[in-house]
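Below: the structure, in structure tokens.
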Amino acid sequence: MTFLNPFILLGLAAASIPVLLHLLNLRKLKTVEFSSLRFLKELQKTKIKRLKLKQILLLILRTLIVIFAVVAFARPALKSSLPVLGSHAKTSVVIVLDNSFSMDISDERGNRLKQAKGIAQSIIGALKEGDEVALVEMSGVENQRRAAFTQNFTFLKEQVQKLPVATGIAQLETSLRTANLLLENSNNINREVYIISDAQRNIATDTKDSVRVFDETVGVYAIAIGEKAKAAEQNLSVDSLNIETRIFQLDKPVEVEARIRNSSARDADGVVVSLLFNGERVAQRAVDISASSVQTITISAPPKSRGIVRASVEIEGDALDADNRRYFGFIIPPAPSVALLGNAESTKFLSLVLNAAQSASVLPMPSSQVSGLNLSDYDMVILGGNSVTASDGARLADYIRNGGSALIFADKTTPLAERQQFFSQLGLSISEQSFSPSQPAQFSQVDKNHALFQGVFKAGADNRAVVESPKITRAFPASGRQSIIEMPGGAFLSESRIGEGKVIYCAVDPSGEWSNFPLTGLFPTLIYRSTLYLTTREALGTDYVSGDAVTLTLPKKYASGGNFKISDPAGTESFRQAANLPSGAALSLGNVEQNGVYAVLAPDGKPAAAFAVNPPASESILLNFKKDEFISLLKARVGEKTHVEFIDEPQNIVQSVARARIGTELWKVFVILAVLCALAEMLVARNTKEEVIA
């Protein structure tokens with residue numbers, strides 16, 4: 001027997017009240033003998049014995065009235081059926097329904113999510129008056145938090161019918177925890193959990209740190225959708241993307257490596273893979289993929305417009321549409337604004353290259369004017385071989401640290417000690433090297449894998465092979481940072497990252513006095529690509545899984561305030577204020593559910609970031625737990641005495657629910673017993689009173 005309100009049993013202490021009153025009435029009185037009453041006493045002896053028996057009977061009845069009343073309020077119940085005497089035991093039901101997108105696949109019985117909804121509605125339809133039910137969605141933590149019991153079964157059926165396919169992973173562990181919290185607040189004798197899922201293997205998490213849920217009063221019933229399906233339709237998916245391109249330019253190909261998975265038991269021939277920019281198909285390929293295998297392909301196309309590009313790789317429609325595309329985003333920045341610092345002689349070759357390329361808006365000026373320049377107005381600074389003061393050097397270092405970029409050439413006028421002070425702020429150490437004009441220095445190694453040289457050299461060339469080298473008679477090679485081109489004594493070209501900014505340092509001056517570097521074919525390529533590389537924000541590759549919490553860290557130049565405009569994949573716009581942190585501006589967007597590319601615009605209207613949200617790739621791998629595995633999975637997460645049962649025939653779910661819900665509440669029985677005892681007490685008390693008077 002189980003008591004649904006066990007604390008009421010404390011009221012049994014009231015059963016001692018009739019006993020105390022009875023004992024108080026038994027006070028001994030002093031007896032005085034009268035000779036004339038001797039014969040009367042003999043006559044009353046039998047009557048007195050009857051009165052004492054009736055008083056004991058009254059004591060018992062009054063005590064039972066209290067006991068039965070208290071027990072009735074404590075709601076005793078049996079996990080068995082007692083017809084007539086008992087009443088239907090009220091039931092608390094939690095339906096844990098898998099709405100992850102793997103449930104959107106179809107088999108010979110139709111769409112699996114539709115099957116699951118039908119089973120859930122049948123369970124709700126089997127409930128009786130006084131029962132309560134809650135729906136817990138396996139995919140979506142926010143929806144789980146809103147789960148609550150209801151007795152409006154019609155409304156809940158409508159909610160089940162409208163339940164959409166979610167984009168995240170089905171989370172069994174958190175769903176069971178939610179169900180446990182709901183049932184802990186239930187006082188009903190029957191407490192049941194129905195888990196309706198396709199039992200994908202990705203719903204399982206490591207149980208080492210998991211806490212077991214439910215006790216022996218809860219029944220857990222597993223219903224595996226598609227467990228006995230003969231075959232599912234063919235499903236292919238775009239598992240992942242790797243963006244090979246590092247510098248994004250207008251009319252230059254963006255190269256993408258895509259992994260296409262065939263989760264089916266049969267081969268897929270002639271699968272069309274498309275690349276789309278802003279919803280427009282710009283390239284496509286056909287590929288054959290063997291059964292249960294993965295094929296990697298490369299596809300590319302040139303973007304034709306500046307700004308944020310919402311891109312995707314897609315395949316043809318199949319059984320599961322949600323995994324047929326994968327998104328990525330990138331930014332083709334507007335022509336950068338460049339401050340070219342140096343005198344006309346030292347920057348003449350730089351000006352020629354920049355003006356010919358027309359890839360940047362260039363403002364040339366003497367380096368002496370740096371002090372009056374608002375560096376934050378420029379995307380990049382080129383220091384063309386002229387000296388700067390110590391204070392101007394500190395300003396340049398702060399500008400770079402806060403997200404700025406700089407291309408710096410060796411200074412031929414400033415003493416080495418003063419130069420060292422400036423370069424130490426950039427993490428560089430330089431040394432002077434001189435060479436004979438008859439035996440000039442040349443490049444010793446070139447890192448062709450660096451983003452600066454992507455697409456510059458022919459494929460298959462040795463990645464460290466020497467390319468066309470200038471003849472160098474004097475240089476200030478650097479050490480301490482990433483070397484891109486090496487020469488005797490150190491790095492001819494090196495990259496340094498300071499805070500959020502980047503610096504590329506060249507060990508010779510750009511005037512041609514120390515080398516013939518400005519006259520080589522590598523010089524214009526290096527200047528042009530350095531401008532692109534240094535002014536391109538590395539926002540690419542930010543890829544979130546649907547349901548993740550997104551917080552973007554933006555450069556410090558955005559920490560001054562203002563609202564950022566966020567445009568979601570559907571084009572809906574919202575505004576968010578960034579939080580100022582020592583590392584920059586933190587823009588929190590909360591949990592993102594919608595798949596696609598999100599665009600973030602700075603307060604000045606310029607593109608600040610682009611990030612993609614994609615479905616979890618594991619949902620596309622159609623590997624399911626077998627019956628015994630699913631039961632073991634559940635038993636590892638529930639109490640040792642919790643009843644776990646697998647329902648083999650979900651189409652007969654109503655009968656299974658009825659079998660599970662055998663229970664009887666006995667409070668009515670104890671109310672009847674209390675009433676009967678009260679009536680008996682009234683009759684005995686009246687009879688006793690009349691006998692005493694007589």
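Things worth noting here:
- Here the Karplus relation 6.51 cos²θ - 1.76 cosθ + 1.60, evaluated at θ = phi - 60°, turns the backbone of the range 180-187 into coupling constants of 5, 5, 5, 6, 4, 9, 9, 9 Hz, with x for every Gly and Pro.
- For the range 300-455, the calculated P(r), taken from all Cα-Cα distances in 5 Å bins from zero up to the bin holding the longest distance, is 2, 7, 12, 14, 15, 14, 11, 7, 5, 4, 3, 2, 1, 1, 0 percent.
- In this structure Ser361 has an accessible area near 70 Å², from a 1.4 Å probe over the protein heavy atoms.
- Its alpha carbons considered, the range 97-218 gives a radius of gyration followed by a Dmax of 14.4, 41 Å.
- Whole-number percent relative contact order across the range 468-582, with pairs defined as alpha carbons under 8 Å at least 6 apart: 17
- When the alpha-carbon atoms of the range 372-437 are used, the pair Rg, Dmax equals 12.7, 43 angstrom.
- A compact globular protein would have a Cα radius of gyration near 2.2 N^0.38 Å; the ratio found for the range 253-383 is 1.65.
- Cα radius of gyration and Dmax for the chain (Å): 41.4, 160
- Sparse-neighbourhood loop sites, trypsin sites (Lys or Arg not before Pro) in the range 93-152 - DSSP loop, at most 16 other Cβ within 10 angstrom: Arg109, Lys128, Arg146
- Links that overshoot a 30 Å alpha carbon limit, given the list Lys117/Lys668; Lys252/Lys606; Lys117/Lys626: Lys117/Lys668
- Solvent-accessible surface (1.4 angstrom probe) belonging to Ser106, in square angstrom, nearest 10: 30
- Where GluC sites (Glu not before Pro) fall in DSSP loop in the range 302-360, at most 15 other Cβ within 10 Å: Glu316
- DSSP beta bridges in the chain [antiparallel fraction, %, rounded to 5]: 65
- Which of Ile123, Val370, Tyr544, positive extreme of dipole for the chain (C-beta unit charges): Ile123
- Residues whose amide H falls under 5 Å from that of Ser139, counting only those 5 or more places apart or on a different chain, are Asn99, Ser100, Gln171, with hydrogens built in the peptide plane.
- Value of relative contact order over the chain, rounded to a whole percent, pairs C-alpha under 8 Å and six or more apart: 17
- Taking amide H positions as modeled 1.01 Å from N, with prolines and chain starts lacking one, the residues under 5 Å from Arg310 and 5 or more places away or on another chain are Asn278.
- Accessible area in the full protein assembly, largest first, 1.4 Å probe, for Arg326, Arg395, Arg686: Arg686, Arg395, Arg326
- Here the Karplus relation 6.51 cos²θ - 1.76 cosθ + 1.60, evaluated at θ = phi - 60°, turns the backbone of the range 516-527 into coupling constants of 9, 4, x, 9, 8, x, 6, 4, x, 4, 5, 5 Hz, with x for every Gly and Pro.
- DSSP bridge pairs, the range 327-481: antiparallel proportion in percent, nearest 5: 30
- For the range 258-291 versus the range 373-408, the inter-centroid distance based on Cα atoms is 47 Å.
- Within the assembled protein chains, the solvent-accessible surface assigned to Glu645 is about 50 Å², based on a 1.4 Å probe.
- Residues Asp379, Asp98 ordered from highest to lowest accessible area at a 1.4 Å probe: Asp379, Asp98.
- Of all segments of the chain bounded by chymotrypsin sites (Phe, Trp or Tyr not before Pro) found in a DSSP loop with no more than 16 other C-beta atoms within 10 Å, the longest spans 35-456.
- Principal-axis analysis of the Cα atoms of the chain puts helix 344-357 at an angle of about 60° to the longest axis.
- Two-decimal Rg/Rh across the range 239-319, once Rg and the Kirkwood Rh are taken from alpha-carbon atoms: 1.01
- Neighbours of Leu373, meaning other residues whose beta-carbon lies under 10 angstrom from its beta-carbon, give a summed charge of -1 when Lys and Arg score +1 and Asp and Glu score -1.
- Order of exposure, largest accessible area first, which applies to Arg261, Arg637 with probe 1.4 Å: Arg261, Arg637
- Centre separation in Å (Cα based) which lies between the range 601-619 and the range 415-450: 40
- For the residue pairs Lys114/Lys641; Lys162/Lys641; Lys162/Lys228, the alpha carbons lie more than 30 Å apart in Lys114/Lys641; Lys162/Lys641.
The values are calculated or read from the model by the stated rules, or taken from the named source; none is laboratory data. Source: prediction; values computed, not measured. When we count neighbours, we look across all protein chains shown, and the Cβ atoms used for this are built from the backbone with ideal geometry, even at glycine. These accessible areas exclude ligands, DNA and RNA; they are computed on the full protein's heavy atoms, side chains included. Shrake-Rupley method; radii C 1.70, N 1.55, O 1.52, S 1.80 Å.
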